[in-house]
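The values are calculated or read from the model by the stated rules, or taken from the named source; none is laboratory data. Since the model is a prediction, treat every value here as computed from it, not as a measurement. No Cβ is skipped: glycine too gets one built from the backbone with ideal geometry, and neighbour counts run over all protein chains shown.
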Amino acid sequence: MKPGIKKILLISITILTLGMYTPPALIDANAAESEEIDSSTTKPNDNSVSSNNHTAIEFNENLGVAELDADRVEHDNTTLTALTEIAKNQTKAKLGPKIMNQVEDEFTTEILPNLEKVITHILDDANRDEVLYYGISEDEITGYGEKIFNLYDVRTNTDIARFHVRRENRPHDGYWFNFHYHLKDDDFENHHNIGEIYYDKNTPPRWMS
């Protein structure tokens with residue numbers, strides 16, 4: 001081949017292959033850049049995972065506290081319900097069937113709701129852990145005595161509140177039943193009113209009759 005033609009062919013081949021040749025250093029740089037991009041888009045962020053785990057733990061802890069609070073509220077409500085039911089039954093038993101037949105409507109609408117409010121108020125003011133050990137005395141008090149029941153600490157047998165009903169013969173009016181209670185806070189000196197209901201001008205029978 002003539003030197004002139006050979007030179008022309010070499011130049012042509014060089015031009016044609018110029019765009020197809022990539023230096024090794026450039027290939028390595030492009031590969032590293034590609035790996036960096038893939039890593040940033042696919043690799044989990046350690047801080048993000050840690051934050052998510054912390055949030056999950058915090059959520060579980062809050063959920064546990066909420067469950068404990070719900071259990072405590074339910075237990076408190078159960079204690080209140082149990083004590084008020086015993087108190088109501090003791091008060092009804094104190095009056096007895098003969099008196100209840102005469103005053104049942106007023107007793108149910110006026111005395112029982114107030115009695116429940118008083119017990120609720122006393123329990124609300126007390127230490128929640130102490131309330132767990134509160135009980136209602138269930139002695140049968142017959143005759144003409146005022147005592148209905150005592151709210152007391154079963155561990156120490158110490159009275160917290162004493163609930164009474166007193167017969168009152170009011171001139172030209174007849175007999176009334178006055179329901180009240182006394183508190184340990186004032187050494188059971190003061191009368192705290194619950195309510196009163198009218199019986200009749202005739203003398204009421206003995207309690208529990």
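Scanning the stretch 126-141 turns up one or more residues that are over 19 Å from LYS88 (Cβ atoms), touching a helix residue (DSSP H, G or I) at 6+ places or on another chain (Cβ under 8 Å) and either at pLDDT 95 or above or not in a strand (DSSP E or B) (or both). Restricting attention to the stretch 79-90, which residues are crowded, with 18+ Cβ neighbours inside 10 Å and in contact with a strand residue (DSSP E or B) (Cβ under 7 Å, 6 or more places away or on another chain)? Residues satisfying the conditions are LEU83, ALA87, GLN90. For the residues THR156, THR120, the requirement of being part of a loop (DSSP other than H, G, I, E, B) and out of contact with any Lys or Arg (no Cβ under 8 Å at 6 or more places or on another chain) singles out THR156. A count restricted to the stretch 91-121 and to residues that are surrounded by 13 or more Cβ atoms within 10 Å (Cβ to Cβ) and within 14 Å of TYR134 (Cβ to Cβ) stands at 3. In the stretch 161-209, the qualifying residues are those that are of a type in the set (Val, Ile, Thr) and assigned to a strand (DSSP E or B), and the one that is nearest to the chain's Cα centre (by Cα) is ILE194.
Every condition in (1) β-branched (Val, Ile, Thr); (2) touching a Gly at 6+ places or on another chain (Cβ under 8 Å); (3) more than 17 Å from GLU196 (Cα to Cα); (4) touching a residue at least 40 places away in the same chain (Cβ under 8 Å) holds for VAL131 except the one numbered (2). Which numbered condition trips up PHE177, out of (1) in contact with a strand residue (DSSP E or B) (Cβ under 7 Å, 6 or more places away or on another chain); (2) surrounded by fewer than 16 Cβ atoms within 10 Å (Cβ to Cβ)? It is condition (2) that PHE177 fails. When VAL131, VAL118 are checked against the criterion of being in contact with a Leu (Cβ under 7 Å, 6 or more places away or on another chain), over 20 Å from GLN102 (Cα atoms) and not basic (Lys, Arg), VAL131 stands alone in meeting it.
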